[in-house]
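Okay, structure first, notes after.
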Amino acid sequence: MEKTSIIFPRKPNYYETDKMGIVHHSNYIRWFEEARIAYMEEKGYPYEKMEEMGVMIPVTGVDCKYKIPVKFGQEVLIYTKIDFFDGIRLTISYEIRDKLTDKVHITGHSGHCFVDAGTFRPIRLNKAHPEMAEIFTIEAHTKEGQQL
């Protein structure tokens, strides 16, 4: 089964660039978050809904590789997909590609865990909210059909 990605279009704002017209490196982490929020909305679990369910997904780590700088005025597409899910932890990958050339500019991952909103203690999503866990389980399958 092929992993599914959502595609989030983005165009840099002027304030996100430096004097050279290049997007400042710190902004890519924010773009990852914007793409992740769009991903969750598309899968039927916007952050507001999860918080109403008493679930939060804090970031446990972020990795970003800078290959080609993105410049002001350049349109990019952020490809976002689930790489790993074990019921408690989740890893999401990102690829920022030029809209016209499809060249990869930035790649990265963000790690997350699921916690109870009241206690901030880790929860096993497949027990607490199996309907939500099912979506991540399906999304985390590799091309060979094996869960990561």
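Quick one: pull the percent of accessible area on the chain belonging to carbon and sulfur, 1.4 Å probe, ligands and nucleic acids left out.
C and S atoms contribute 54 percent here.
If you count only protein heavy atoms with a 1.4 Å probe, what accessible area per residue comes out for the chain, rounded to a whole Å²?
Accessible area per residue: 56 Å².
Excluding GLU16 itself, what net charge comes from residues whose Cβ is under 11 Å from its Cβ, given Lys and Arg +1 and Asp and Glu -1?
Summing Lys and Arg as +1 and Asp and Glu as -1 gives +3.
Whats the longest run of the chain with zero GluC sites (Glu not before Pro) that are DSSP loop and have at most 16 other Cβ atoms within 10 Å? Working shown, then result.
Details: sites that count: GLU2, GLU75, GLU144.
Here the longest segment lacking exposed loop sites spans 3-74.
Based on the Cα atoms of the chain, what semi-axes does the equivalent ellipsoid have, where each is the square root of 5 times one gyration tensor eigenvalue, given in whole Å with the largest first?
Those come to 29, 17, 12 Å.
In the stretch 42-148, which chymotrypsin sites (Phe, Trp or Tyr not before Pro) are in a loop and have at most 12 other Cβ atoms within 10 Å, using DSSP for the loop call?
Answer by residue number: PHE120.
Where the only charges are on Cβ atoms (+1 Lys, Arg; -1 Asp, Glu), what is the dipole of the chain about its Cα centre, to the nearest 20 debye? Intermediate results must be reported in sequence, preceding the final value.
Details: 20 positive and 22 negative charges, 94 e Å.
For the chain, the charge dipole is close to 440 debye.
The values are calculated or read from the model by the stated rules, or taken from the named source; none is laboratory data. Keep in mind it's a predicted model, so treat the numbers as computed, not measured. Glycine also receives a Cβ, built like all others from the backbone with ideal geometry; neighbour counts cover every protein chain displayed. Surface accessibility is based on the protein's heavy atoms, side chains included, excluding ligands, DNA and RNA. Shrake-Rupley method; radii C 1.70, N 1.55, O 1.52, S 1.80 Å.
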